[in-house]
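Data first, discussion second: the structure below is written as structure tokens.
Read-outs: derived from the displayed coordinates by stated rules, not from any lab. Note that the structure is predicted; figures quoted are calculated from it, not measured. Reconstructed Cβ throughout: ideal geometry from the backbone, glycine too, with neighbour counts over all protein chains shown.
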Amino acid sequence: MFERYFSELKELKENCCERKLISLKKTGKYIFEDNKKYLNLSSNDYLGIAEDRKVLNNFLKIADFSMGSASSRLLTGSSYVYAKLECLLSALYRKDKSLIFNSGYHANTGIMSALLSKKDVVFCDKLNHASILDGIKLSKAKMFRYKHLDYDHLEELLQKHRNDYDTAIIVTESLFSMDGDIADLNKLVELKNKYNAILVVDEAHAFGVYGSRGLGIAEEQNCIKDIDLIVGTFGKAIGSMGAFCSGHEVLINYLINKCRPLIFSTAIPEINIAFSYFVITEVIPNLKTQRQELLKTAQKLRENLAALNLTTTGSSHIVPVILGENKTAVKASKVLIDNGYYLLPIRHPTVAQNTARVRISLRADISYEEIESIPDIINKAANI
Ligand SMILES: Cc1ncc(COP(=O)(O)O)c(C=O)c1O
């Protein structure tokens, strides 16, 4: 009865693509597995907040919140704690309204499937996250994928196809999670205005890290006011759980009425929402130096990888080293882990065929000295 699944799993294993769950213990920047200690370079905890006991203890001193919400936000799950965080986000982004979701995956699948219908069209960066693609598939809208960060290609597609459909959405990540590179949001604003489209920007990996107040790339590029819907997540640099979008009142009200992951899932508990609020108001504003240091470490690492002719992309705190075949990435990861660096291989289908990589997700609490041997280790492993 399960033969099909068994043989597919076998094939994944043979192609070095099998995924497994691992039981880990985490303390600060370290991961412990089988009593061995590793530097954690594979999480999205870019500012070291999720594992910071001091932050947690300070939060717990003021925490008087429930651990379960017991229903969807449309029933009794939407406590005042949600309203407080949504008001804060709207004020920070200077948008009419904000809406919190259980996760970035819920947000993107819900937003795309709600805002788009069969009569609509979406222009999607080729490397946008799976949650965006899944939402578009659910919507049944026509999708055109433009070449990654290639805005001439996007314009060509807009020129050719925009007028054949009702609503048009352009959707992009601001900081691409697998390549560490950054979208030109002002160019996208220009195109969305020219072709009468809604611009949706997913700041999942930039929220908390970029911009003078940590609001993301849109803040850094000074175009928050021109973006129709900004999506951010609390599960990465904020060290919490959940996601949000901020935008025009009509869009938010429409989502409250039509967004299925919001309507049909139990809301995440107050305590998580309150923790996100605490981090955004009490922690992030004090981490300006750490955020700057994080980007300096990334730059130094990129320079030293390039000096060994290793291929990297992007310019952010996510530093991918492209190794090609799955088995090369698996081998490099194994050697890095043997040397105390918890760095996992990223393979197809998460990235394109023959672009398997190790992705170094830097953290503000890791200094360059702690990772300086990485380029050498990868270079040796890739060339054995
Ligand atoms: C760009 C992007 N958007 C959304 C998500 C999903 O966010 P979450 O982990 O909160 O579901 C991710 C997850 O890695 C992501 O990389």
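General remarks:
- For Gly324, the amide hydrogen comes within under 5 Å of the amide hydrogens of Ala356, counting only partners 5 or more places away or on other chains and with H modelled in the peptide plane.
- Relative packing of peptides 171-181, 59-69, 284-294 - highest average C-beta neighbours within 10 Å first: 171-181, 284-294, 59-69
- Solvent-free Debye scattering, log10 I(q)/I(0), computed from the Cα coordinates of the range 244-299 at q = 0.12 Å⁻¹: -0.53
- Convex hull per residue volume in Å³, alpha carbons only, for the range 258-384: 165
- For the Cα trace of the range 86-208, dividing Rg by the Kirkwood Rh returns an Rg/Rh value of 0.95.
- Residues within the reach of a label modelled at Asn163 (point 7 angstrom out along Cα to beta-carbon, backbone nitrogen below 17 Å), restricted to the range 114-152, are 121.
- Normalised convex hull volume, the range 299-360, alpha-carbon set, Å³ per residue: 83
- For the range 106-165, the fraction of alpha-carbon pairs in successive 10 Å shells from zero, as %: 25, 51, 24, 0
- Label zone at Thr27, where the point sits 7 Å out along the Cα-to-Cβ direction: the range 311-355 residues whose backbone N lies under 19 Å: 340-342
- Overall Cα dimensions of the range 58-285 - principal axes, largest extent first, Å: 57, 36, 29
- Convex hull projection area averaged over all views, the chain, Cα basis, nm²: 20.4
- Whole-number percent relative contact order across the range 58-285, with pairs defined as alpha carbons under 8 Å at least 6 apart: 29
- Dmax and Rg, reported as Rg then Dmax, of the range 1-47 (C-alpha, Å): 15.8, 47
- Whole-number percent relative contact order across the chain, with pairs defined as alpha carbons under 8 Å at least 6 apart: 21
- Hydrodynamic radius of the range 167-220 per Kirkwood, over alpha carbon pairs, in Å: 11.4
- For the chain, size of Cβ-based charge dipole, Lys and Arg +1, Asp and Glu -1, in debye: 540
- Structure-based [θ]222 nm, the chain - -39500 (n - 2.57) summed over DSSP H runs of at least 4, per residue, nearest 500: -11500 deg cm²/dmol
- Residue order, fewest to most surrounding Cβ atoms within 10 angstrom, among Tyr105, Tyr80: Tyr80, Tyr105
- Neighbour counting of Cβ atoms within 10 Å sorts the residues Cys17, Cys259, Cys245, fewest neighbours leading, into Cys17, Cys259, Cys245.
- Projecting the Cα atoms of Leu12, Asn44, Gly110 onto the charge dipole of the range 1-134, computed from C-beta unit charges around the Cα centre, puts Asn44 farthest toward the positive end.
- Computed over every Cα-Cα pair of the range 73-115 and binned at 5 Å starting from 0, the pair-distance distribution P(r) comes out as 5, 20, 23, 27, 22, 4 percent.
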